[in-house]
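What follows is one structure encoded as structure tokens, with my remarks underneath.
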Amino acid sequence: MTEDIQEVFLDATSTDTDAVRKVAALSVQQPHELIQPHALVRKKSARGNAHQRLRIGIMGGTFDPIHNGHLVAASEVAWVYDLDEVIFVPTGRPIFKIDKNVTNAEDRYLMTVIATSSNPQFTVSRVDIDRPGATYTIDTLRDLREEYGPQAELFFITGADAVAEILKWKDAAKMFDLAHFVAVTRPGYSVDVSFLPRDKVDVLEIPALAISSTDVRRRAAMGEPVWYLVPDGVVQYIGKHGLYSEDQE
Ligand code: NAP
């Protein structure tokens, strides 16, 4: 509320002293005194605990499209690390895919919202989509660190093949100060993370990651069913918008 608006409002309600006091009280609140939205919606963690320091999973991926393997992986990591929330963060312009045909960010974002809507611990962030330029994880972590505050413990979750390349990412060393990394793998796939800081990176095998976005796109392009590989709403979204059909290529 700007000062002008406050004054008009105070004049208009000057006969009601209670109302005036309430408005006046609001008007002197400084930004740092405002109740943080995250404090208001404090929920119990995946294991039913209430933490002093929020434990936040950041599920980074292109999600082209999001599939049930991603959802199981997020749920498993939330359980193993006793997370309070998992934020899915669809990439805006993935830096290693600038020359590749990646589906429009809004379509990927909407499919992610549809897929996660039934789980109260899952949310979706637009930080990578709304930030101009190529997507770098260091920026994702800085933006979410600012949003959730210095006390929050951040766990960046993504595919193990992506993590295996992490030292090539922008400001790689600084990322380890901002978050712990959880590399989720497909069954039977081993990844070498021995060259990464041991206390900063874990690997977790997720059987449901036998599903892959590449395979879902291929099936959709061939007209094969993708039911139960992706949530029902995502099957319908793909069909309605003709995503991955050969005509789109
Ligand atoms: P990608 O190369 O498309 O994926 C590599 C592998 O990891 C694929 O097998 C992929 O399977 C899997 N994967 C990706 N995200 C996953 C997730 N959240 N959970 C489980 N499996 C996942 O990787 P990407 O999607 O472009 O990037 C992954 C994340 O790393 C993004 O947040 C991205 O911004 C970040 N990244 C940052 C930099 C940088 O800062 N320079 C560089 C590269 C990546 P599916 O295809 O089935 O998902």
Taking other Cβ within 10 Å of each residue's Cβ, how do 165, 147, 76 sort, fewest first? 165, 147, 76
Within segment 92-116, backbone nitrogen closer than 14 Å to the virtual label 7 Å beyond the Cα of residue 241 toward Cβ: 92, 102-116
Over segment 111-226, what is the relative contact order in whole percent, taking alpha-carbon pairs under 8 Å and six or more residues apart? 19 percent
How large is the charge dipole for segment 94-249, taken about the Cα centre, if only the Cβ atoms of Lys, Arg (+1) and Asp, Glu (-1) carry charge, to the nearest 20 debye? 80 debye
Return the subset of 44/200; 174/240; 44/100; 100/240; 44/97; 43/97 for which the Cα-Cα distance in this structure is over 32 Å, preserving the input order. 174/240; 44/100; 44/97; 43/97
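Coordinate-derived values only; no laboratory data. Note that this is a predicted model, so its numbers are computed, not measured. Using ideal geometry, Cβ is built from the backbone for each residue, glycine included, and neighbour counts are taken over all protein chains shown.
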